[in-house]
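See structure below.
Laboratory data are not the source of any read-out in this text; all were calculated from the coordinates shown. Treat the numbers as computed from the prediction; the structure is a model and nothing was measured. Cβ sites come from the backbone with ideal geometry, for glycine too, and all protein chains shown count toward neighbours.
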Amino acid sequence: MTTTGTAPTAPVLNRLSALDRFLPLWILAAMALGLLLGAVAPGFGAALEAVEIAGVSVPIALGLLVMMYPVLAKVRYSETDAVLGDRRLIITSLVINWLLAPAFMFVLAWVFLPDLPEYRTGLIIVGLARCIAMVLIWNDLACGDREAAAVLVAINSVFQVFMFGVLGWFYLQLLPGWLGLETTSAEFSIGAITLSVLVFLGIPLAAGFLTRTFGERRMGRDAYESRVLPKLGPWALYGLLFTIVVLFALQGEQVLSQPLDVARIAAPLLVYFVVTFCTSMLIGRLLRMDYARSTTLAFTAAGNNFELAIAVSIATFGAASGQALTGVVGPLIEVPVLVGLVYVALWARRFFTADRVATEPRGVSR
């Protein structure tokens with residue numbers, strides 16, 4: 001990557017493939033199709049929901065695996081040592097992800113939903129589930145640092161196993177008790193959290209690493225990146241769209257039958273995603289990080305592991321609970337907002353002058 005901190009956004013977008021350039025349209029179409037299927041054919045959603053293993057939805061798991069594998073096959077794992085040596089990036093990411101972001105979501109939950117305890121609890125759970133999946137897609141589209149994204153996602157996964165239950169107890173019971181607010185009792189299964197991490201990150205990460213390692217050994221890096229990656233690339237988008245259709249089909253009837261509730265849940269989520277992303281980008285800029293790593297910092301902070309949030313809410317409070325509905329509304333808001341933030345990031349890179357600003361568009365189909 002070369003130094004082009006003031007490069008305009010438009011030429012980059014123009015050089016994206018049609019598949020990537022019109023990504024927002026494909027995503028909106030997938031969302032609409034999923035909602036339509038869930039509303040007019042509720043049996044379709046029920047059939048999808050019935051296909052699960054150990055509490056993990058097989059259709060969603062397959063979609064995420066197909067979505068994440070090509071992105072993780074692009075990562076140059078031999079270059080991750082440089083990321084691990086960047087203490088500024090790692091410490092900043094940990095502080096934002098595990099201290100600031102959950103606290104911000106807690107505040108938003110109580111400000112926006114003081115009279116709706118089920119939705120409020122669901123919102124707090126969403127804030128605790130740090131992103132380990134779709135963030136890789138958004139980061140790639142915005143020309144973020146792939147190697148940094150892989151490292152930060154892996155670190156978030158480890159913290160998720162050990163900290164999710166602890167922070168859940170703190171934000172649902174201890175802190176509200178200190179503040180004289182209503183408390184919520186909830187028990188989180190460490191096994192379920194670990195399974196989520198292993199399925200949604202462990203499998204595609206292992207597959208991507210092995211593909212990259214053996215591909216480079218057999219044909220060399222240049223041939224691997226010029227011949228193999230272009231064939232794998234489009235599958236990331238196919239997996240993303242399939243996952244969105246499945247998610248919205250599973251909950252289409254529920255979402256459409258409670259539009260006012262969805263709107264009330266959506267408001268704090270919208271504030272959370274935009275403020276967390278923009279603040280993280282600004283922090284990266286103030287700490288003199290380059291564009292690529294500031295973008296990665298922002299997306300890994302703003303994204304959430306809605307698969308885990310939904311699974312935990314259903315296991316703890318039931319499939320028909322307000323907490324589960326809140327988890328479902330998460331991707332309803334997150335997907336279009338973070339797609340929009342990809343374009344915000346591309347626009348904002350003119351304010352970065354460090355020597356690692358990417359110039360080549362690297363959309364999911366590349």
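Averaging 1/r over each pair of different alpha-carbon atoms in the chain and inverting the result gives 20.6 Å, the Kirkwood hydrodynamic radius. Ordering 298-308, 333-343, 238-248 by mean Cβ neighbour count within 10 Å, with the highest value first, yields 298-308, 238-248, 333-343. The amide H of residue 52, built 1.01 Å from its N in the peptide plane, has 58 as neighbours under 5 Å, considering only residues 5 or more places off or on other chains. Listed by Cβ neighbour count within 10 Å, with the fewest neighbours leading, 140, 81, 290, 86 appear as 81, 86, 290, 140. Counting neighbouring beta carbons within 10 Å and listing from fewest to most, the residues 167, 128, 84 come out as 84, 167, 128.
From helices alone, the chain scores -23000 deg cm²/dmol at 222 nm; the rule is -39500 (n - 2.57) for each run of n ≥ 4 DSSP H residues, then divide by the residue total. A simple rule links phi to the HN-Hα coupling: the Karplus curve 6.51 cos²θ - 1.76 cosθ + 1.60 with θ = phi - 60°, which for the range 214-229 gives 6, x, 5, 5, 7, 10, x, 5, 4, 5, 4, 6, 8, 10, 8, 4 Hz, with x for Gly and Pro.
Residue exposure proxy: 113, 232, ordered by other Cβ atoms within 10 angstrom of their Cβ from fewest to most, comes out as 232, 113. Simple point charges give the picture: +1 on the Cβ of Lys and Arg, -1 on the Cβ of Asp and Glu, and for the range 9-348 a dipole about the Cα centre of about 1020 debye.
Taking trypsin sites (Lys or Arg not before Pro) across the range 246-306, the ones in a DSSP loop with at most 14 further Cβ atoms lying within 10 angstrom of their Cβ are 288. Can you tell me the 0 to 90 degree angle between the C-alpha axis of helix 259-286 and the longest principal axis of the chain, rounded to 10? Result, in degrees: 40. The HN-Hα couplings worked out from phi for the range 79-89 by the Karplus form 6.51 cos²θ - 1.76 cosθ + 1.60 (θ = phi - 60°) are 9, 6, 4, 5, 5, 4, x, 8, 4, 4, 5 Hz, whole numbers, x standing for Gly and Pro.
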